[in-house]
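Data first, discussion second: the structure below is written as structure tokens.
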Amino acid sequence: MAENDEPTAGTTGGLTSEELDRVLTWNVVRVSRFVGQRLAGRLAEHGLNPVHFGVLAYLAIAPEMTQADLARSVVVRPQSIAPLLDGLEERGLIRRTGDRARGRRNPVQITGQGRRALDAVWDVALSTNDLTDAGLNAQESSDLNRLLLKIIHATQGTRLDGFYE
């Protein structure tokens, strides 16, 4: 603001909630918190969180991934993945192969117990697609997922992919 506390051009003097609602990315943040908490709450009943779910799901797709690849896939900072994997390994859900020395390739695999844990929560995760209580019918939920995937696919392999690097 200017010295006289009057809004200047391009500032938010007199901002309305309708104007704030026009900020798409802010709305995405708000919705992501809602749906993220929904998924987290339902997975917690099974001793998992959304990042655990993502790790197990990606390892079920690709039989072996490096820690760095997993970090990018589940969108966590590379330095955060090791302790997360330590916990999953202690629970017998994943196993690491190879030398665990710093700077070495450290492949990770899902175990049979990890596959069973993923199987146990798969329908739970899919149930969070039902957003009728949030005002969307089944088609609208499907359309929302399609649009989100369009953004995900368009940014894969770009500087926006794995943005925590």
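Nothing charged except the Cβ atoms of Lys and Arg (+1) and of Asp and Glu (-1): what's the magnitude of the dipole of segment 10-99 about its Cα centre? Round to the nearest 20 debye.
Numbers: 10 positive and 10 negative charges, 27 e Å.
Dipole magnitude for segment 10-99 comes out near 140 debye.
Taking the Cβ-Cβ separation of LEU147 and ARG96 as r and a Förster radius of 25 Å, what is the calculated FRET efficiency to the nearest 0.05?
On the way: r = 36 Å, r/R0 = 1.45.
It comes out at approximately 0.10.
For segment 139-146, in order, what is each residue's ³J(HN,Hα) by Karplus, 6.51 cos²θ - 1.76 cosθ + 1.60 with θ = phi - 60°, in whole Hz (x at glycine and Pro)?
Per residue, the Karplus-derived 3J(HN,Hα) values read 5, 5, 4, 5, 5, 4, 4, 4 Hz.
Which whole-number percent is the relative contact order of segment 8-130 (Cα, under 8 Å, 6+ apart)? Kindly include the intermediate steps, with their values, before the conclusion.
Details: 107 pairs, mean separation 29.2, N = 123.
For segment 8-130, the relative contact order is 24 percent.
Using unit Cβ charges (K, R positive; D, E negative) and no other charged atoms, how large, in debye to the nearest 20, is the dipole of segment 14-165 about its Cα centre? Numbers along the way, then the final one.
Working: 19 positive and 18 negative charges, 135 e Å.
Charge dipole of segment 14-165: 640 debye, to the nearest 20.
So if we plug the beta-carbon distance of THR132 and ASP86 into 1/(1 + (r/R0)^6) with R0 = 30 Å, what FRET efficiency do we get, rounded to 0.05?
Working: r = 39 Å, r/R0 = 1.29.
My answer for the efficiency is 0.20.
Every number here is computed from the coordinates shown, using simple stated rules; none is lab data. None of these values were measured; they are calculated from a predicted model. As a convention, Cβ positions derive from the backbone with ideal geometry for all residues, glycine included, and neighbour counts pool all protein chains shown.
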